[in-house]
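**Q** Attaching a single structure in structure tokens format; questions to follow.
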Amino acid sequence: MSMIKDTWTMAKRSLRHTTRSMDTIITVVITPIAMMLLFVYVFGESFQKSLGDVKYIDFITPAIIIMTVVSGIAYAAVRLSMDLQKGIINRFKTMPVAPSSILGGHAMSSTLSNLFSSFLVLLVALLIGFRTDAGIAEWSMFIGLTVLFTLATTWLAILMGLFAKTMEGAGAFSYILLFLIFLSSGFTPVDNMAPALRWFAENQPMTPIIETMRSLLTNGTIGDSAGVALAWCVGLLVVAYVLALRVYKTKTI
Amino acid sequence: MEKYTAAITVDQLRKSYKKVDVLKGVSFSVEKGSIFALLGSNGAGKTTTINILTTLLNADSGTAIVDGSDVAKDATNVRKHISLTGQFAAVDDILTGRENLEMIGDLRHVANPAETAAKLLDQFDLQDAADRRVATYSGGMRRRLDIAMSLIGSPSIIFFDEPTTGLDPQSRNSMWETIKSLADNGTTIFLTTQYLEEADQLADKIAILNKGKIVAEGTPAALKKLLPHGQVELKFQNEKQLAAAIKLLTSYQTTQDEESLSLAVTTDGTVAQLTQLLTKLESAHIEVTEFTQKAPTLDDVFLKIVNDNKEKKS
């Protein structure tokens, strides 16, 4: 089908943009790796006490992966915003290429490059002591959830890129997502939080997603939060996708 | 039976932005294989018109049929047969020239994108720079690449939005040659421009757009007959001399400017009349310190046409 071919053509273009500014990939992995080192080596001992048997590095690896994705997708917003400002989007819009291919190309390349960044971060986690008993089934589910999360946040990024008035502002929303990661069970069990914060942490989307990932990698089971995690990801994906296409079509140049 | 002999048919297009009426009922038609120029000054509505015709914008009312398809109802079909070359090159800076061309080749589903790209790189003299990033290209190279990208897929109509605005004379002539050769190959060309000369040089038919309406339409020859003819600007030594000249030349249509001590005189554009004018002044011992001939500007054209319309009504 020509739409798939066109989406891949657009994705190839975005991927070339990513690989040609290697500093993008490096920036995307450096912060999570730095965080990981900081939390494990500087705070690790203090946190370990409240965790009991679970190793702290095992505890935080899912959150670090999520953090990698969240920093990476901001670039999709910036790149789209750049396309819109530079006028090349007009060339694409006057060609018989479907809007979902133009936006989908950004989505596909963002997902692929973020998977790659996550993989790099996972390697570093392994180097500093992350261990797992997870089998093929659990790994597949983990990768599946990571891909779904990446797709959902990428389409959110595309929506933000369409709204942004400047290229610099386009990626700003990712700071909110980053904040949510810290205010979840990603780095510390929620029991230790004040009641109001605890309620927020338990009910916001990051917690079930991180809990499910942690459960898959540490316990070898899918855990209780899988349904909620999936609901959040699919919900965000559908809403962001529909809105993004609508905004794109009605955007005057 | 050929249903549409016209490549483009526009009927009563209207468009408003935020309470400003940009197009107030624009109608015209463009013949297949011809070069059509939409002439107008900045803010006349040229870019809005071309954006509607290339499906970038929806009109508020009216219809536009481009290559047999309605831009509002059948945009995808329209896009299959057209290309737009805007004022600023729509190229991807981070890719190489070759990659840009191959990408468009892929999106237009041509049989062999790599081969098409190679041919165009040759045609537009970009072979040496083909594998360098477009960000390193000069302005002229970017423009050539821009046009090359617009040619992929052999569109039947190519739209040019102010193709030579901001170009030096050499690049401008080069662009004119390119446009002419495209038309020679049977492609319909629709261009917008603010330059009378450009419309005159290139177009088979011109339509003048002023404040959202077509005020004149016709071949360059026909329109030129409507234009005010020559204008000569004369400069004098002092106010006394200027006053004397004005008194002497009452039989001519003149406009004075006391500040610059100049007098603009409308003539029929012939050397004979110019000689007559200068001789008259010399006989009256009025010294002309400087004189320049002014070509009619778009403003002159509009004023003339608007005045003519007013006169017709009264």
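The values are calculated or read from the model by the stated rules, or taken from the named source; none is laboratory data. All of these numbers come straight from a predicted model, not from anything done at the bench. As a convention, Cβ positions derive from the backbone with ideal geometry for all residues, glycine included, and neighbour counts pool all protein chains shown. Ligands, DNA and RNA are stripped out before the accessible areas are found, and what is left, the full protein with its side chains, is counted by its heavy atoms. Shrake-Rupley method; radii C 1.70, N 1.55, O 1.52, S 1.80 Å.
**Q** Quick one: in segment B:82-95, of everything that is surrounded by fewer than 19 Cβ atoms within 10 Å (Cβ to Cβ) and more than 7 Å from every other protein chain (Cβ to nearest Cβ), which residue is farthest from the chain's Cα centre (by Cα)?
**A** The qualifying residue farthest from the chain's Cα centre (by Cα) is B:ASP93.
**Q** Please pick out the residue among B:ARG143, B:ARG98 that is modelled with pLDDT of 95 or more, within 14 Å of another protein chain (Cβ to nearest Cβ) and either touching a strand residue (DSSP E or B) at 6+ places or on another chain (Cβ under 8 Å) or part of a helix (DSSP H, G or I) (or both). If you could, list the steps in order and put the result at the bottom.
**A** Numbers: B:ARG143 fails: modelled with pLDDT of 95 or more.
Every option except B:ARG98 fails the conditions.
**Q** Between residues in segment A:77-90 that are within 8 Å of A:ALA164 (Cβ to Cβ) and away from chain B (no Cβ under 12 Å) and residues that are open to solvent by 40 Å² or more (accessible area, probe 1.4 Å) and at pLDDT 85 or above, which pairs lie under 6 Å by C-beta distance while being six or more apart or on different chains?
**A** Sorted first by the residue in segment A:77-90, then by its partner, the pairs are A:ALA77/A:MET160.
**Q** When you scan segment A:153-253 for helices (runs of 4 or more DSSP H) that lie fully inside it, which ones turn up with 1 or more residues that are polar (S, T, N, Q), buried (at least 18 other Cβ atoms within 10 Å of the Cβ) and out of contact with any Lys or Arg (no Cβ under 7 Å at 6 or more places or on another chain)? Explain how you work it out, then say what you get.
**A** Details: elements: A:167-170, A:173-182, A:195-203, A:206-214, A:226-250.
Output list reads A:173-182, A:206-214.
**Q** Would you mind stating whether B:GLY43 is at pLDDT below 95 and away from every other protein chain (no Cβ under 14 Å)?
**A** Numbers: at pLDDT below 95: yes; away from every other protein chain (no Cβ under 14 Å): yes.
Answer is yes for this residue.
**Q** So which residues in segment A:57-98 are over 22 Å from the mean Cα position of the chain (by Cα), more than 20 Å from A:ALA170 (Cα to Cα) and not hydrophobic (A, V, I, L, M, F, W, C), if there are any at all?
**A** A:ARG91, A:LYS93, A:THR94, A:PRO96
**Q** With respect to B:THR178, determine if the residue is open to solvent by less than 60 Å² (accessible area, probe 1.4 Å) and either in the same structural domain as B:ASP257 (by TED's automatic domain parsing) or not in a helix (DSSP H, G or I) (or both).
**A** Spelling it out, it is not the case that B:THR178 is open to solvent by less than 60 Å² (accessible area, probe 1.4 Å) and either in the same structural domain as B:ASP257 (by TED's automatic domain parsing) or not in a helix (DSSP H, G or I) (or both).
**Q** Going through segment A:13-45 one residue at a time, which ones are touching a Gly at 6+ places or on another chain (Cβ under 8 Å) and either closer than 27 Å to A:GLY104 by Cβ or not in a helix (DSSP H, G or I) (or both)? Outline the logic, then answer.
**A** Here is the first cut: in segment A:13-45, the ones touching a Gly at 6+ places or on another chain (Cβ under 8 Å) are A:13-14, A:28, A:40.
Hits for segment A:13-45 are A:ARG13, A:SER14, A:VAL28.
**Q** Return a yes/no flag: does segment A:123-136 have any residue that is closer than 24 Å to A:SER2 by Cα and open to solvent by less than 40 Å² (accessible area, probe 1.4 Å).
**A** Within segment A:123-136, none of the residues are closer than 24 Å to A:SER2 by Cα and open to solvent by less than 40 Å² (accessible area, probe 1.4 Å).
**Q** Residues of segment B:229-251 being surrounded by fewer than 17 Cβ atoms within 10 Å (Cβ to Cβ) and modelled with pLDDT under 85, which ones?
**A** B:HIS229, B:THR250, B:SER251
**Q** Tell me, which residue of segment B:187-216 that is among the charged types (D, E, K, R) and under 19 Å from B:ASP300 (Cα atoms) is most open to solvent (accessible area, probe 1.4 Å)?
**A** Pass one, segment B:187-216, residues among the charged types (D, E, K, R): B:197-198, B:200, B:204-205, B:211, B:213.
Checking the rest, the ones that are also under 19 Å from B:ASP300 (Cα atoms) come to B:197-198, B:200, B:211, B:213.
Working: B:GLU197: 100, B:GLU198: 3, B:ASP200: 58, B:LYS211: 147, B:LYS213: 102 Å².
Only one residue tops the list, namely B:LYS211.
**Q** Further, regarding this structure: Given the options A:ILE102, A:ILE66, name the one that is within 11 Å of chain B (Cβ to nearest Cβ) and assigned to a helix (DSSP H, G or I). Full working, then the answer.
**A** On the way: A:ILE66 fails: within 11 Å of chain B (Cβ to nearest Cβ).
Criteria check complete, one pass: A:ILE102.
**Q** Tell me whether segment A:45-61 contains one or more residues that are among the aliphatic types (A, V, I, L, M), closer than 14 Å to A:PHE187 by Cβ and surrounded by fewer than 20 Cβ atoms within 10 Å (Cβ to Cβ). Reasoning before the result, please.
**A** Our first condition is that a residue be among the aliphatic types (A, V, I, L, M); within segment A:45-61, this holds for A:51, A:54, A:57, A:60.
Filter once more, so that each one left must be closer than 14 Å to A:PHE187 by Cβ: A:51, A:54, A:57, A:60.
Remaining after also requiring surrounded by fewer than 20 Cβ atoms within 10 Å (Cβ to Cβ): A:51, A:54.
Yes, because at least one residue in segment A:45-61 is among the aliphatic types (A, V, I, L, M), closer than 14 Å to A:PHE187 by Cβ and surrounded by fewer than 20 Cβ atoms within 10 Å (Cβ to Cβ).
**Q** Check B:SER154, B:SER138 and return the single one that is more than 20 Å from B:GLY186 (Cα to Cα), modelled with pLDDT under 95 and more than 10 Å from chain A (Cβ to nearest Cβ). Outline the logic, then answer.
**A** Details: B:SER154 fails: more than 20 Å from B:GLY186 (Cα to Cα).
Answer to the selection: B:SER138.
**Q** Going by the conditions given, is A:ASP53 without any contact (Cβ under 8 Å) to a residue 40 or more places away in the chain, more than 30 Å from B:ILE152 (Cβ to Cβ) and in a loop (DSSP other than H, G, I, E, B)?
**A** Working: without any contact (Cβ under 8 Å) to a residue 40 or more places away in the chain: yes; more than 30 Å from B:ILE152 (Cβ to Cβ): yes; in a loop (DSSP other than H, G, I, E, B): yes.
Yes: the conditions hold for A:ASP53.
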